[in-house]
Amino acid sequence: MQSLKKAFRLLCLSALIILASFEVGLSGGIAIPVSRKREDNTITTELVEANNEDSDSQKEQKTR
């Protein structure tokens, strides 16, 4: 009787392992959650603008 119980337990264990492997194959495996922080990818460039006074003085120097 005990050898029958051991055989039945082994059969059930192997059946569970086979069913679990089919499930992993169908669903594509265990999804690993991604825990990356979202980075702020805004463009931070500065545009250097010339002052009106500087451009006026440059125009005067060119005309002289």
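Every number in this text was worked out from the coordinates using simple rules, so none of it is lab data. Remember, predicted model here, so these are calculated numbers, not experimental data. Neighbour counts are summed over all protein chains in view; Cβ atoms, including those assigned to glycine, are modelled from backbone coordinates with ideal geometry.
Neighbouring Cβ atoms within 10 Å as the yardstick, rank Leu26, Leu13 fewest first.
Numbers: Leu26 7, Leu13 10.
If I rank by nearby Cβ atoms, fewest first, I get Leu26, Leu13.
Quick check: residue separation of Ser27 and Val48 times 0.36 nm, minus the Cα distance between them. What number comes out in nm?
Stretched fully, the Ser27-Val48 segment lengthens by 2.1 nm.
If we count other beta carbons within 10 Å of each Cβ, what is the order of Glu49, Glu23, fewest first?
Glu49, Glu23
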